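A short write-up of the structure that comes next.
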Amino acid sequence: MSARERSALAAEAAFLHGALFGGEIPPEVAERYARAHEAVVGDAPAAQERSVQRIVRRRLDAEAVECVFRAQGRRHLLTTKLQVLCFLVEVRAAYYPRFVNERPGRVRAAAGLVGAALRTAWKRARGRYLIWRHDLA
């Protein structure tokens, strides 16, 4: 992998990390993302690769777009890239609270489910618009 490709993947990882988790990506996660990309992603359809590049370049809501692709039953390159990033950070202590809830509480859990349902509806509507507006495949 060339230095230019590695740099582009680091920028992509930083953008996707910000979309999912906020904040800056740890440098070792960006490096592992680039290595994992070589091993996991492989040859993707050109249209999907262009869509991911467009999402990153235009700084679109990647989570919303991926939500729609997944709801449509499409296995898209964006889904794979987001999953790779999640796999890389879920084992890090700083991300533990994002993946595991240790606080008991039925009311909080019910409110969380309602909030998640509303957020998902919003993400789907926004994702549909972004796919249409930016001609994402």
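The values are calculated or read from the model by the stated rules, or taken from the named source; none is laboratory data. All figures in this text were calculated on a predicted structure; none of them were measured in a lab. Neighbour counts run over all protein chains shown; Cβ positions are idealised from the backbone, glycine included. Quick note on the areas: whole protein, heavy atoms, side chains included, nothing else; ligands and nucleic acids left out. Shrake-Rupley method; radii C 1.70, N 1.55, O 1.52, S 1.80 Å.
Scanning segment 86-137 for residues that are outside any loop (DSSP other than H, G, I, E, B) and among the charged types (D, E, K, R) yields a total of 9.
Among residues of segment 102-121 that are closer than 18 Å to Cys67 by Cα, those with a beta-carbon under 7 Å from a residue that is part of a helix (DSSP H, G or I) at least six positions away or on a different chain give the pairs Thr120/Cys67. When segment 68-80 is limited to residues that are at pLDDT 90 or above and open to solvent by 30 Å² or more (accessible area, probe 1.4 Å), the one that is nearest to Ala121 (Cα to Cα) turns out to be Ala71.
Looking at segment 24-48, which of its residues are of a type outside the set (Phe, Trp, Tyr) and closer than 16 Å to Leu82 by Cβ?
So in segment 24-48, the residues of a type outside the set (Phe, Trp, Tyr) come out as 24-32, 34-48.
If the condition is that a residue be of a type outside the set (Phe, Trp, Tyr) and closer than 16 Å to Leu82 by Cβ, then Ile25, Val29, Ala30, Arg32, Ala34, Ala36, His37, Val40, Val41, Ala44, Gln48 are the ones that fit.
Screening Gln83 with (1) within 25 Å of His134 (Cα to Cα); (2) modelled with pLDDT under 90; (3) assigned to a helix (DSSP H, G or I) gives one miss only, at (2).
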